[in-house]
Amino acid sequence: MAYAVVFFGTVATRKVKHIYVANWFFAAYIITIAVLHIFNNLSIPVSLTKSYGVYSGVMDAMVQWWYGHNAVASS
């Protein structure tokens, strides 16, 4: 998240009007990894020290594969 704040803060305060194509890819990368991480780690807190994952069984396996494939293997 710190990288996103710095990157998007810099883009928002720059003086140059155009944005290089590489910066669009960086922005997409930052947003994609954030979405993948959030959905992979969704959980419901039960107590102060315990929580249950939102996904279970096959859905959990699919979400873990989706996260691993897109965030780890493709980056």
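Only the coordinates and a few stated rules stand behind these numbers; no lab work does. Predicted, not measured: the structure shown is a model, and the values here were computed from it. Ideal geometry is used to build each Cβ from the backbone, glycine not excepted, and the neighbour counts take in all protein chains shown.
Table for the structure above
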{"quantity": "The chain: C-alpha gyration tensor shape, a/c 1.5 cut-off, then a/b vs b/c", "calculated": "oblate"}
{"quantity": "Sparse-neighbourhood loop sites, chymotrypsin sites (Phe, Trp or Tyr not before Pro) in region 4-69 - DSSP loop, at most 12 other Cβ within 10 angstrom", "calculated": "Tyr20"}
{"quantity": "The chain: DSSP helices with Cα axial extent of at least 27 Å and average Kyte-Doolittle hydropathy no lower than 1.0", "calculated": "21-40"}
{"quantity": "Cα→Cβ-extended label distance, 7 Å offset, between His18 and Val5, nm", "calculated": "3.2"}
